[in-house]
Structures are given as C-alpha cells and as structure tokens.
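S.K.: Sending over a structure as structure tokens; questions will come in a sec.
The values are calculated or read from the model by the stated rules, or taken from the named source; none is laboratory data. Note that the structure is predicted; figures quoted are calculated from it, not measured. Note that each Cβ is placed from the backbone with ideal geometry, even for glycine, and that neighbours are counted across all protein chains shown. Please note that ligands, DNA and RNA were not included when accessible areas were found on the heavy atoms of the full protein model with its side chains. Shrake-Rupley method; radii C 1.70, N 1.55, O 1.52, S 1.80 Å.
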Protein chains: 4
Amino acid sequence: MTLPAAANSVAVLSRFDAITDVAGVRVGHTTLTEGRARTGVTVIVPPELPCFAGWHRLNGNGELTGTAWIDESGLLTTPIGLTNTHSVGIVRDAIVAALATSRAWLLPVVGETWDGVLNDVNGRHVRAEHVDEALRNAAGGPVAQGNVGGGTGMICHGFKGGIGTASRVTPQGHTVGVLVQANHGRRSRLRIDGKPVQADDIPLPEAPEGAGSIIGIAATDAPLLPHQCRRLAQRIGLGVARTGGAGEQTSGDLFLAFATGNTGIPTGELDEQPPAVSAVSMLADAYITELFDAVIDATEAAILNALLNAETMTGYDGTVVHALPPDRL
Amino acid sequence: MTLPAAANSVAVLSRFDAITDVAGVRVGHTTLTEGRARTGVTVIVPPELPCFAGWHRLNGNGELTGTAWIDESGLLTTPIGLTNTHSVGIVRDAIVAALATSRAWLLPVVGETWDGVLNDVNGRHVRAEHVDEALRNAAGGPVAQGNVGGGTGMICHGFKGGIGTASRVTPQGHTVGVLVQANHGRRSRLRIDGKPVQADDIPLPEAPEGAGSIIGIAATDAPLLPHQCRRLAQRIGLGVARTGGAGEQTSGDLFLAFATGNTGIPTGELDEQPPAVSAVSMLADAYITELFDAVIDATEAAILNALLNAETMTGYDGTVVHALPPDRL
Amino acid sequence: MTLPAAANSVAVLSRFDAITDVAGVRVGHTTLTEGRARTGVTVIVPPELPCFAGWHRLNGNGELTGTAWIDESGLLTTPIGLTNTHSVGIVRDAIVAALATSRAWLLPVVGETWDGVLNDVNGRHVRAEHVDEALRNAAGGPVAQGNVGGGTGMICHGFKGGIGTASRVTPQGHTVGVLVQANHGRRSRLRIDGKPVQADDIPLPEAPEGAGSIIGIAATDAPLLPHQCRRLAQRIGLGVARTGGAGEQTSGDLFLAFATGNTGIPTGELDEQPPAVSAVSMLADAYITELFDAVIDATEAAILNALLNAETMTGYDGTVVHALPPDRL
Amino acid sequence: MTLPAAANSVAVLSRFDAITDVAGVRVGHTTLTEGRARTGVTVIVPPELPCFAGWHRLNGNGELTGTAWIDESGLLTTPIGLTNTHSVGIVRDAIVAALATSRAWLLPVVGETWDGVLNDVNGRHVRAEHVDEALRNAAGGPVAQGNVGGGTGMICHGFKGGIGTASRVTPQGHTVGVLVQANHGRRSRLRIDGKPVQADDIPLPEAPEGAGSIIGIAATDAPLLPHQCRRLAQRIGLGVARTGGAGEQTSGDLFLAFATGNTGIPTGELDEQPPAVSAVSMLADAYITELFDAVIDATEAAILNALLNAETMTGYDGTVVHALPPDRL
C-alpha cells in the first residue's frame, strides 16, 4: 500500500515511490522471524562506490558506523547496512568480509534501531550469512516495506513500524528517494499530513514511548558535492519533525544522504595512482531548495509508508504491537 | 494578540507567553521607521552572564557572531543582539563598547535577517546609540511583537513577519521561552497547526519567496550544561519545520539556546583567580524530552505570534507587504 | 623502558607514567601472535560509568564507534576497546554481550588501526572471548606497552609501533594520562624532542609510509564537563603533530578524552527515575591550559613509549618491521 | 628577512615565500600607529569570488565572522579582513559597504586578535576608510610582515609578533601559501625547528602569557572541494603546535583555507539563473598529504617570519614589547 502524494508534495511521484527510483540504487532485505527472532538486515547499495555523501545527527542515542570517514573524505565507500542495535558489529564485519578483496581496509556504514521489545535482541540472531543474503538479494524496483529486514521488529509512534520508503521528482527533474527504518516517536505527537490520529481503542505497546530511533537514508541522482549531501541529510530530520518526531532523548535519529550524479571519483588509494585532478559535477545551489523540499516530503511519506505497510506483530515473549489501521487516516 | 495553546502543547502557557517568562530574562527593542528606515535592534539579556549556551545551524546563509566561543567554552558572555544583515558589525561593536569595562575583550553574539525588501538596508540606519537604547529599555514582562526592533522590516511565509515570542512550562515545572526574528519561509508551505492557509487574494511580496532567514533564541530556567543547550537549539529548527520552513538555500536559520539554571559560573578570566572547581547543576537527561517538546511547540507559537502581531507595511520604496489576517486561521 | 620527562614537560611524572595514574583507570590486553595472527585487543576501563567525555577527529580514515552518543550526551557509557580495523565489529558486539544485563541497549566505543602489513587482518583472529579476557585482565598499575593488545601488529613512523602510554601531573595537582595505539606517521617526519632520528641503516617497512592511524585516549581526574573533554581530545592531535604526524590521508587519527572527576552522573535511562537535577563539578576554564599542556606532552611521551617498548616483529607472511633502537635518540 | 626552508620542508620555497605566491592572491595592509593607535587592518583578496573554502577551530576564544556560510555553502564570498578584536564589526560592515552593489546581501569573513597590551583597543581607531585603503592597496608580490596591518600591535610567544607569511610548492606542483596574524603562545614553549629559544635576558611583556590568538589563512591553487579545504585548515593548527602553541584557553586559534583551482562557481543567487550543473575540478585525495605537509611547514615558517620581521614596539601607555633577536635562532 502506498500513500497518495501529500498536498505539499513538490512534484509527481516517481515510478516505485521508493529509494530505488534513483537509478541504480538497490535494496536487499533478510527478515528473521523464526523462534525468538523478530529482526533482520537491510542493505542499500548505491550504483557505484565511492559516491559523495554526508550525514547529520538529530539525536545521537544510536550508532552509525563509518561517519568519521564520511565527514573527512565526503565519500560513501561501502553499501549501507541497517539492523538491530546489538547486531551492528556482526553486520559491519560481514560487510568487510564480503568486500575485503577490493580494498586494503574498509570502514562500512551500518546503522541500527533497537527492537528489544519484540525481538530477543541479545540472542544474536543476525549472522554474517544474513548480511551476505541481503547483499545478494539487493535489487531495484519495488521495495518490500513494513516488517522486513532491519525493520522487522520496530515500533513507530506507538504502532508497528519498520522499513518505509518514498521518492519525489524535483522540477529540475532530479529524483530523490528516502528509506527509513522507523522505530521512533510517540503516538500522541504523530501527525499525518498535519492531523493527529484517533486511536484510543488501539492499545499502546508495553514499552516506554519514544524509546526508539529512526535511521533515514536519502539518495539522489543530482550531482551533489559532499557538503551539499550533508545539507540534504539534515532535511530528513525536518520530515521526521513534521510527522511528530522530536529527536527524543532515547532516540538515535541519524541521517545520511548520498548522490549518484558523479561517477569515477578517485578513492584516495595510494596504490591506484589516480590522475591528480578529476572533473566532477556540482548542482548549482540556486536549485537545492527543490531537493530540500523533496527530502522533507519523501521522508514524511516514507514514515507513513512504514506505518501503513507494517502488520501487527507478536513478539518473542508474547508482547503484541498493533499496526496503524489505514482507515484512521 | 496571542495564539491559544496549540493542540499539541506540552503544558499550560506561562504568564506572558514570552521568553521573559524565564525569570530574569529581559528584552529590549529599538524600532526605526523614519525616512527610508524599516529596521531596528532587539536585544535579549539573560539575568546573569556568563550562562551556559549552545547553538545550531539549520541553514547557514546568515550570520551569528560569537559562535566559536560558544562552541569552545559553552558560555554566552554578552547580551544577544538581533538586527538587519548589514548592521551586524555596528551592533557588535556597540555591544563591546557598552560592556568594555567589564572584561579585557568581548565576543558578542549578534544575529541578523535581511530586510532589504522593505528597508533601505545599505543606508546604515542602525547606529550605536540605538543599541544602547535597546539595552537600556530591556525589560521583563510582556514583549512587543511584530514590526518591532530587529524584526521591523521582516517578511515571513509571504506575509509581514518580525519578532515573535512564546513560552511553555514542562511537566517538571521548567519554563522554556523562544523568541524569533522571523523572515523566512514560503506561503505555499506555511502550516498553522498542520493546516495550510488560504490567502490567494492577498498579494505576495515582490521578492523571491524563501529569500529570508529566521533567528531563534531559546531560554530556559532548567539547569542545563552546554551540550544540553545545543540539543535544545537544534529543536528550534524542528518547530520551524513544522510551520513549513525548509532551511531554504537563501535562509540563515541559526538558533541559540541558553540556560539560566546555573549561576556563578567562572568566566575563565585568568586575573580573576577563580576557585579551581565550581559546583554546577545538571538536569538529568531522562527529563530532557520535555524540554525538546516545549522548544518545538514554543517555536511554532512564536512564529505564529510574529505573523499575527505584524502589521501591513509599506517599504522605503513603496513596496507593500501584507499582514496575515487573523481570520484566515 | 620509559622516556625521561621532556624538557617542555609541565610537571613531574606520575607514578607509572601511564594512563593508570588516573585513579581507578584500568587497562587490559589480549595479545594474539599464534599462527598468522599479529593482533589483539586492548581495553581501557574508567573507574565508573558513565563519565563525561568528548572526542575529536584529526583525520577520519578510521573508525571510532559510539561517537554520536558521546557528542549528544557527553557521556562515555562503556569501556573503550581498541583492535584492528577489521575486528571492530566483533569487539563492539562482545562488549555489548559482556555488559548487556546492565542496560537496555549499549553503544560501545571501539577504535582501530590497521595492522594488515604484519597481521593476517582478514583472518578474523579476534574473537569475543579475547574481549572478555582483556576486560577480565584489566588492571591498574604498570601498563604493558609496545607489541601488546590492539597494538600488537602496528607500525609507527617507519618503525615497529603499538601501545604506548604516559602521564603528567599539572600544577593544580590533576593527573592526565594518555594511551595511544600508534600505527601512524612517516620516518622522515619523526621528531623526538624536536630532533629527527638518524636511521638510514634500518630498513623501512615494505608498506606505504603513512598508511596507518593513531587512536589516542586521554583520561584525567579533573572534573571536566563534556565540552571541556572535547577540548582535551583535540590537544592529543597537537602532541601527534609535535612528534611529526600530519593527519595523513590514509590515517585515522581519532581521539577521545574522559574525565573521572564527576561521579554519580545520571544515565538518562527513563526507568531509573533519577532525580531531576544533579550536582556536578566543573574545573574553571582559567586552569584548563595546564591540562592542555599535559595532554600534549603526555601524547608525545606515549608515542615515544610505544616506539621504545615495541620489538622487531616478523609478520604472518615474513615481512619484518624493525624497532627503533633506543641509542638513536 | 626570511627564514631558510626548514629541514622538514616538503619542497623548495616559492618566489616570495608568501601567500601571494598563489597566483592572483593579493594582500593589503593599513597600519595605524599615530597617537594611541597600534593597530590596523589586513585584507586577503582571492583572485576570484566565490571560491571553495573551509575552516577549523583549534580554540574558540576569538571571532571569525562568516563561518556559518562557509560551513553551509563551502564558499568564501568576500575578501578576508583581519583586525583587532574590538574592530571586527566596523571592518565587517565596511567590507559590506565596499561590495554592496554586487550582491543583495553579504556575509563577510573577518578575523581578529587582541592587541590591548600595546594598542588603545577601545579607542575605535579603525574606521571604514582604513578598510577601503587596505582593499585598494591589496597587491600581489612581496608582503610586508611584522608590525603591519592587523598585526601591528600583536605579541607572539613573549616577543613582538604580527603578520607573517610563507609558502611551499608540493611535489605535484601545487603552491600553498599561509598568512598568520600571530598574537599567541608562551615563550617557554616556543620551538624553532624543534629547539627552544634562549632569551632570559629579554624582558617578557607585562601581560599574561598566552593571552592572545592566532588567525591563520591558507591559500592554494590546487583544485580542492570545500571538505578538502576544511582538512587543510585543521593542519594550520598542527603547524602552530609544532612551534609551541597549545590552543591556550585565552587564545582564539581560528583557521581558514581557500582554494583557487576552481573558477566560475555559481553563487547560489536565485536571480542569476545559473546553469543547473557546473563542472568543477577535484584533487584526488591520494595527493592531499603533500598539501597537508605544505600547510604545516608554511605555517611554522609564517609564524617565524612574523617574529623575525616584527620590531620592538612601545605601546600607547609606554609598555614595551621586545622583538626576537635573529641571533637567538
């Protein structure tokens, strides 16, 4: 199910209303719901690595590995992994193992949100093979949403959350896609297209409200430089705010934006002896507000898509988290 | 005129619904509307200096002086001045002159937004005496809003903007006040309590939409450390986003939060020979989300107060910018 | 072997000339040199968690997990792990497992440098049990240096490097200790107390010069707030610079400082229902330059201690990296 | 007088050993020594504006205006002004006035150090006409150093300081120039090429040691992107450290780097309707360490050039600050 374009949308929807509308971007999920597991891995694979990237922290009660290198080099050099909080390490090392022949060393980007209400988070259910599987399955086209991949056991604004994605096309013709792993927010502050949701009859999860996080990844085919990507990353947080998020104390609200509009960027490896100077393309800042609008709107839509695609789930210990019924919108 | 508490308000309104509800905080305005001037100076004076502070940049097409020292020391050491873009220097040096006997050197905090549509911005109408006047007039209690002080010639979301302020009290009993100099946003994206505003019959200003900025200052009586103030500052941007701001390319969206809950903080002056160790108070982070909510809600309310208190203005060259009629809400 | 106090030392040496001179700080190593392994794990355990902390990036070609939470909360909430680049994940997850009963979720701090010249870095020789062993072995008192723990296979300024530590006492009586995992630098730029080292007769490693990193951890018993810790962290880089480091392109020069002078800091956990306000202590900034000097000098000394304690090593594939003979100083 | 290339220099000296060795970069001074004035203005004018730029804060007890816009846009959009602490405002507004016809609004970059020991710093001796004069006088070729321009009344490492500059050429053929306004440091920590200076017979200034600042500006003709410029800016601090600076509490150690290797960068002005995408050049990171070395070495040389070109000065109230006699090296 897909939300209609919001009233304040900057432009028509793209083909799949997904981050995969940015040409060449692929998404893969491994979903683990056997036994006590309610978790998984999602990977986002840019069409070419490295690509320019930037990130932003709205609230830092979370982990996003690899950010020191993004800040320094402006480069995303690995696929992005998303999983639960206590499996960040295994996913990181598995991405290293999957790519280790390509470079001397690797600094993977792995984000997380905490699924300990529904998932046996200390059970170490995520293994290296699950990362390999997600990488192998990564594909363009429609993206499964809701209780899938890293989003399997997530809770969002007091309803069942998970993976959501959406995209927008700007007046200049650039595509912006956002994918979120949505595990954040309080029901009382949720706003959909500006309106609160009436759901007093639907039990709240037995968990502290707001004790979650949201990871947001934006992709665009616009030719952005690293500092421009960083600007887009911060706007993901504005979309979170419009839906009712506050960057709560217990939330890890970490956002990354990458741009596919430049190819052939030298990696900085000494042994590659790259040409000293490369030509790169840069979007004129006069047109960047269009991209900001697209990021904000696609983030709002991605959060709603996470809510609307998620299904009620019974956790490893019997806890039930209810989905948001679409008729409440 | 004052907005009723928004539906999503965290708590009851404070006494004046103003930043001055934080005990001891004073605000002073000098308003200049003679001849070609449509500008002025607003000062915000904490009850004691230094106090802990932090700041955040949502979009940097603006100036906020003194931030290197805030980042380094966590201290606000001067009153805050707000004026037009091309008068930042004179206001800064005038604050130095007004305080220069108190310290060897001073690094004042002065912010700005651009009023060049209505004001003869290159006419240097702001002079040192106007800063002195604003400092002298600074008072607690109700705060004049709209076309006053630094906000005199501002435009917000396609309507006449200016100075706005609001406050909230948290469940723990802390007061949070926000004051904005609102000169940002596009009418098409404006949302008031989540709803767009119908105003097709009211002409848009003859100026590029979004070509403005918003400076936001939050004060609280909670005993926050500097890094906690910085967290509050970022939430001002979430309030801007909920009202429809996007941190547009041409906008300088710079936010500062200061906390009055600690007094007697040593200044770092060598010649004062302060005791080596001081006791300070720190709010437990477990209660900080309340403050985040209060900042977001007070920012939304402050922007609306700016809009609702501003009056239609004719600029130095005859350009008219219309106020938002209250009946459109 | 221990370097004499540098001519520009701020004060006398502490007892062990080690980070463990800061009361209660413990260090543990697991050293792996069997078969193809030339690697290991080092842990640094503060006397109490959480404690205030801050970090700095001189060059970001490296990983230091947990930094988003340090920036946000100002808190170090776990022991610090140091290992090789491709074992960061396993060490991170093992720290989670070792501590997982204590909090709902954990965001461990793990740093790395790349030992792929001497160690079979993709052989996954570091396992969870090695982290447990290092945590179990962590102790105060003298610290083993050179080819130990995370520093086992490291190369520094063209000589065998590894773990080094040193400490200083400030005129105010505060102790500052620094521990480095030194794997950075070029021989041509090495300076010891300002002088280059003559070693043309000692073969350089068969590896690109400068293709390493340095992780530096500073501890102090001064009661610093988080933003003051961050200032100390940046000064570790000044010590690196004085010894000849340049934050080279291929180097991950990431630094963290923590302060033990405050205890009982609330964790921010909602279910702990901490008192709303805590008293904390703050060193007056008027005395912080002493700490800066101590950090710079202890960093220089720690790098030299790493060089002087390391021994010539033959790598997993026969590559030999020579130690710096003490008579060259 | 010019220092010989340091032993650790990366390459031969450029033509003037000055920031003006970067083609098209101009420097202008206005020096004020009449009456009670011991101050002035220095301007650094890039060959074309905007150009890519980045900045770094080693210690923030100082002001560098315009940095929010540099962080956001990656652009330097005005000439850089350097003056005394209490004249930042007048210099900023004077740069606005000098350029105001060229853009709707301007966010000038102005730095400062505090000359209150020798100069009547609250006497407001710097006026707008002095800024105009410095801009008019700005020229390529040899640069006057020592007691000139913004550096007129400065004190460095316990000796007379001021303006200093130096340059280096990298193996790839790029030129790096650094200009400092040197007013920082303690004599006891000063190191020249690694060695302390014996000067017990030369009285120390009657001012607290370290109560100063250093502003450092690096220029290069390498085609750097903004994030690469920021990396260079941080390395200025490493040169400061090697000479004995510690980023002392009372010091404002703020650094900016700009790159002239890209021209025709769109400004972001909406009314210019620039092409949506521009081609820019980027130096491969594999070669950036050469530039880091050049920045570090040129900064060391620039500080020494400031010391060696400065002359003993008697201040407005009779205080004498002695120059460093060249025979002490």
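S.K.: Scan the stretch D:171-187 for residues that are within 11 Å of another protein chain (Cβ to nearest Cβ) and more than 14 Å from D:LEU324 (Cβ to Cβ) and jot them down. So that I can check it myself, show each step before the final result.
M.R.: Going residue by residue through the stretch D:171-187, those that are within 11 Å of another protein chain (Cβ to nearest Cβ) are D:171-174, D:186.
Those that are within 11 Å of another protein chain (Cβ to nearest Cβ) and more than 14 Å from D:LEU324 (Cβ to Cβ): D:PRO171, D:GLN172, D:GLY173, D:HIS174.
S.K.: Counting just the residues of the stretch C:112-121 that are within 16 Å of the chain's Cα centre (by Cα) and either part of a helix (DSSP H, G or I) or charged (D, E, K, R) (or both), which one comes out nearest to C:GLY161 (Cα to Cα)? Lay out the reasoning, then the answer.
M.R.: Taking the stretch C:112-121 and keeping what is within 16 Å of the chain's Cα centre (by Cα), we get C:112-115.
Now narrow it down to the ones that are either part of a helix (DSSP H, G or I) or charged (D, E, K, R) (or both): C:112, C:115.
Values: C:GLU112: 14, C:ASP115: 10 Å.
This residue is C:ASP115.
S.K.: Would you mind telling me which numbered condition in (1) surrounded by fewer than 20 Cβ atoms within 10 Å (Cβ to Cβ); (2) modelled with pLDDT of 95 or more B:ASP327 fails?
M.R.: Only one criterion is unmet by B:ASP327, namely (2).
S.K.: Quick one: would you say A:LEU308 is assigned to a strand (DSSP E or B) and either touching a residue at least 12 places away in the same chain (Cβ under 8 Å) or more than 10 Å from every other protein chain (Cβ to nearest Cβ) (or both)? Before you say what the answer is, go through the steps one by one.
M.R.: Numbers: assigned to a strand (DSSP E or B): no; either touching a residue at least 12 places away in the same chain (Cβ under 8 Å) or more than 10 Å from every other protein chain (Cβ to nearest Cβ) (or both): yes.
So A:LEU308 does not fit the description; no.
S.K.: Another one. Before we move on, is C:GLN234 away from chain B (no Cβ under 14 Å) and either at pLDDT 95 or above or touching an Asp or Glu at 6+ places or on another chain (Cβ under 8 Å) (or both)? Let's see the steps before the verdict.
M.R.: Values: away from chain B (no Cβ under 14 Å): no; either at pLDDT 95 or above or touching an Asp or Glu at 6+ places or on another chain (Cβ under 8 Å) (or both): yes.
Considered against the rule, which asks whether it is away from chain B (no Cβ under 14 Å) and either at pLDDT 95 or above or touching an Asp or Glu at 6+ places or on another chain (Cβ under 8 Å) (or both), C:GLN234 comes out as no.
S.K.: Condition test on B:THR260, is it more than 14 Å from chain C (Cβ to nearest Cβ) and either in contact with a Cys (Cβ under 9 Å, 6 or more places away or on another chain) or crowded, with 24+ Cβ neighbours inside 10 Å (or both)? Quick ask: steps written out before the conclusion?
M.R.: Working: more than 14 Å from chain C (Cβ to nearest Cβ): no; either in contact with a Cys (Cβ under 9 Å, 6 or more places away or on another chain) or crowded, with 24+ Cβ neighbours inside 10 Å (or both): yes.
No: the conditions fail for B:THR260.
S.K.: Output the number of the condition that D:ILE288 fails; it satisfies all remaining conditions of (1) within 14 Å of chain A (Cβ to nearest Cβ); (2) farther than 30 Å from C:LYS195 by Cα.
M.R.: For D:ILE288, the failing item is (2).
S.K.: So in the stretch B:190-204, with the set limited to residues that are more than 14 Å from chain A (Cβ to nearest Cβ) and surrounded by 13 or more Cβ atoms within 10 Å (Cβ to Cβ), which one is nearest to B:GLY247 (Cα to Cα)? Please lay out each step first, then the result.
M.R.: Going residue by residue through the stretch B:190-204, those that are more than 14 Å from chain A (Cβ to nearest Cβ) are B:199-204.
Adding the requirement that they be surrounded by 13 or more Cβ atoms within 10 Å (Cβ to Cβ) leaves B:199, B:202, B:204.
Values: B:ALA199: 23, B:ILE202: 24, B:LEU204: 20 Å.
Looking at the filtered set, the residue picked out is B:LEU204.
S.K.: Moving on. All but one of (1) under 15 Å from the mean Cα position of the chain (by Cα); (2) open to solvent by 10 Å² or more (accessible area, probe 1.4 Å) hold for A:ALA233; which doesn't?
M.R.: All conditions pass for A:ALA233, except number (2).
S.K.: Filter the strands (runs of 3 or more DSSP E) completely within the stretch A:26-111 down to those with at least 2 residues that are open to solvent by 10 Å² or more (accessible area, probe 1.4 Å).
M.R.: Details: elements: A:26-32, A:39-45, A:51-60, A:80-84.
Of the strands (runs of 3 or more DSSP E) lying wholly inside the stretch A:26-111, those with at least 2 residues that are open to solvent by 10 Å² or more (accessible area, probe 1.4 Å) span A:26-32, A:51-60.
S.K.: Right, another one. Which of the numbered conditions does C:GLU63 fail, given that it passes all the others? Conditions: (1) within 9 Å of another protein chain (Cβ to nearest Cβ); (2) over 16 Å from the mean Cα position of the chain (by Cα).
M.R.: Every listed condition holds for C:GLU63 apart from (2).
S.K.: Same structure again: Find the residue count for the stretch D:11-25, including only residues that are surrounded by fewer than 24 Cβ atoms within 10 Å (Cβ to Cβ) and touching a Pro at 6+ places or on another chain (Cβ under 8 Å).
M.R.: 4
S.K.: Test D:VAL176 against the criterion of being at negative phi, of a type in the set (Val, Ile, Thr) and in contact with a Gly (Cβ under 8 Å, 6 or more places away or on another chain), and give yes or no.
M.R.: So D:VAL176 fails the test.
S.K.: Could I ask something else about it? Touching a residue at least 24 places away in the same chain (Cβ under 8 Å), open to solvent by less than 40 Å² (accessible area, probe 1.4 Å) and not in a helix (DSSP H, G or I): which single residue out of A:ASP297, A:ASP253, A:ASP293 fits that description? Spell out how you get there, then give the answer.
M.R.: Details: A:ASP297 fails: not in a helix (DSSP H, G or I); A:ASP293 fails: not in a helix (DSSP H, G or I).
Of the residues listed, the single one that is touching a residue at least 24 places away in the same chain (Cβ under 8 Å), open to solvent by less than 40 Å² (accessible area, probe 1.4 Å) and not in a helix (DSSP H, G or I) is A:ASP253.
S.K.: Then there is this: Assuming D:ALA279 fulfils every condition listed in (1) among the small types (Gly, Ala, Ser); (2) within 30 Å of A:ASP285 (Cβ to Cβ); (3) open to solvent by less than 40 Å² (accessible area, probe 1.4 Å) apart from one, which condition is it?
M.R.: Checking D:ALA279 against (1) among the small types (Gly, Ala, Ser); (2) within 30 Å of A:ASP285 (Cβ to Cβ); (3) open to solvent by less than 40 Å² (accessible area, probe 1.4 Å), the one that fails is (3).
S.K.: Only one of D:THR152, D:THR165 is over 24 Å from D:ASP317 (Cβ atoms), hydroxyl-bearing (Ser, Thr, Tyr) and open to solvent by less than 10 Å² (accessible area, probe 1.4 Å); which? It would help to see each step written out before you state the result.
M.R.: Numbers: D:THR152 fails: over 24 Å from D:ASP317 (Cβ atoms).
Step by step, each of D:THR152, D:THR165 is checked, and only D:THR165 is over 24 Å from D:ASP317 (Cβ atoms), hydroxyl-bearing (Ser, Thr, Tyr) and open to solvent by less than 10 Å² (accessible area, probe 1.4 Å).
S.K.: Only one of these is open to solvent by less than 20 Å² (accessible area, probe 1.4 Å), farther than 30 Å from C:ALA207 by Cα, modelled with pLDDT under 95 and touching a Ser or Thr at 6+ places or on another chain (Cβ under 9 Å): A:ALA302, A:ALA306, A:ALA286, A:ALA246. Name it. Lay out the reasoning, then the answer.
M.R.: Values: A:ALA302 fails: modelled with pLDDT under 95; A:ALA306 fails: modelled with pLDDT under 95; A:ALA246 fails: modelled with pLDDT under 95.
After ruling out the rest, the residue left standing is A:ALA286.
S.K.: Continuing with this model, one more query. Checking D:VAL277 against (1) among the hydrophobic types (A, V, I, L, M, F, W, C); (2) facing another protein chain (nearest Cβ under 10 Å); (3) out of contact with any helix residue (DSSP H, G or I) (no Cβ under 6 Å at 6 or more places or on another chain); (4) touching a residue at least 40 places away in the same chain (Cβ under 8 Å), only one condition comes out false. Which one?
M.R.: Exception for D:VAL277: condition (4).
S.K.: Among the residues of the stretch B:215-225, are any assigned to a loop (DSSP other than H, G, I, E, B), at pLDDT 95 or above and surrounded by fewer than 22 Cβ atoms within 10 Å (Cβ to Cβ)? Step through it out loud before you land on a result.
M.R.: First, the residues of the stretch B:215-225 that are assigned to a loop (DSSP other than H, G, I, E, B): B:221-225.
Of the ones still in play, those that are also at pLDDT 95 or above are B:221-225.
Okay, now just the ones that are also surrounded by fewer than 22 Cβ atoms within 10 Å (Cβ to Cβ), so B:221.
For the stretch B:215-225, residues assigned to a loop (DSSP other than H, G, I, E, B), at pLDDT 95 or above and surrounded by fewer than 22 Cβ atoms within 10 Å (Cβ to Cβ): present.
S.K.: Would you say A:LEU238 is touching a Lys or Arg at 6+ places or on another chain (Cβ under 9 Å), under 23 Å from B:ILE192 (Cβ atoms) and open to solvent by less than 10 Å² (accessible area, probe 1.4 Å)?
M.R.: Details: touching a Lys or Arg at 6+ places or on another chain (Cβ under 9 Å): yes; under 23 Å from B:ILE192 (Cβ atoms): yes; open to solvent by less than 10 Å² (accessible area, probe 1.4 Å): yes.
Yes, satisfied.
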